[in-house]
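K.L.:
Take this structure, written in structure tokens, and hold onto it; I'll ask about it next.
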Amino acid sequence: MAEGRGRVVAAATDGACSGNPGPGGWGGLLRFEDGSVEEFGGHDPATTNNRMELQAALELLQRLKDLPRHPDLTLRTDSKYLIDGLGSWIKGWKRKGWKTAAGKPVLNQDLWKSLDAARLDDVPLAYVKGHSGDPDNDRVDRIAVAFSQGRLMDLGQPSVEGDAEVADDDPAPQQLVQLLSRLELADRLADGGFSLSLLELAQLVELPLKQLERRQEPWFWRDWQVRPAEEGRWTLQRREAGSEQS
């Protein structure tokens, strides 16, 4: 599946539920070094938001197992339930025979057990605030919501599960929605003077990581000049009117 794409450089998941409990959906996304993207999602007619968050992460980790991975790869999620559960709570649950501190059975333990078996030591979880303008988080949120509502998404090389049947009726072309989200994020990064790692920059400008690794001098991306900063990081600055793109 990843032949010719290089390593996976970015991964994101999200879950959603129309009512809690109610019909649910989950979404996942993988970015490769050559700039290609693989998206996938699924539907459950009766579930909870937490289960969909866990299901999304499980599906993604199972896909990642046999794929080449960049050493800086993280699984980005806005679910603190997933991060806290897999990062710390699960140790106590296992010691107590899958019971909580109050002695009650752990909820969703079927998925927690599967996640524990599927976890990858070289792929840590990273928290990203939901609806904050992060392009990949926003994208997997839209995928999850669409599946929770029974709508099919136009996915990048999709692998679709469940019984969602109604076509996506988003009035705005998805590519333009994604581009707008990235442009808005670039403006906030420039205004705040924030710096980006090379991997984060590749996600923003949607260029292969190998191509960016060769750059050492300032260069232009759309309306911004991309400048090298300390420790291999990069900053964005709105380019002045009349500046030529290099």
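K.L.:
Restricting to segment 25-80, and then to whatever is of a type in the set (Asp, Glu) and part of a loop (DSSP other than H, G, I, E, B), can you tell me which residue is nearest to ASN137 (Cα to Cα)?
P.N.:
ASP78
K.L.:
Just checking, how many residues over segment 40-56 are free of Cβ contacts under 8 Å to residues at least 60 places away in the same chain and within 17 Å of the chain's Cα centre (by Cα)?
P.N.:
4
K.L.:
May I ask you to list the residues in segment 222-246 that are at positive phi and either of a type in the set (A, V, I, L, M, F, W, C) or at pLDDT below 85 (or both)?
P.N.:
GLY242
K.L.:
Among the residues of segment 78-97, which ones are crowded, with 16+ Cβ neighbours inside 10 Å and either basic (Lys, Arg) or in contact (Cβ under 8 Å) with a residue 40 or more places away in the chain (or both)?
P.N.:
If the condition is that a residue be crowded, with 16+ Cβ neighbours inside 10 Å and either basic (Lys, Arg) or in contact (Cβ under 8 Å) with a residue 40 or more places away in the chain (or both), then ASP78, SER79, LEU82, ILE83 are the ones that fit.
K.L.:
Looking only at residues in segment 46-87 that are out of contact with any Gly (no Cβ under 8 Å at 6 or more places or on another chain) and of a type in the set (Val, Ile, Thr), which one is nearest to LYS210 (Cα to Cα)?
P.N.:
THR74
K.L.:
Can I ask one more? Within segment 10-39, how many residues are buried (at least 24 other Cβ atoms within 10 Å of the Cβ), hydrophobic (A, V, I, L, M, F, W, C) and either within 19 Å of HIS70 (Cβ to Cβ) or without any contact (Cβ under 8 Å) to a residue 60 or more places away in the chain (or both)?
P.N.:
The qualifying residues number 4.
K.L.:
Let me ask something additional. Of the residues that sit in segment 40-71 and are of a type in the set (Asp, Glu) and modelled with pLDDT under 95, which one is surrounded by the most Cβ atoms within 10 Å (Cβ to Cβ)?
P.N.:
ASP44
The values are calculated or read from the model by the stated rules, or taken from the named source; none is laboratory data. Small disclaimer: the values here were computed from a predicted structure and weren't measured. Note that each Cβ is placed from the backbone with ideal geometry, even for glycine, and that neighbours are counted across all protein chains shown.
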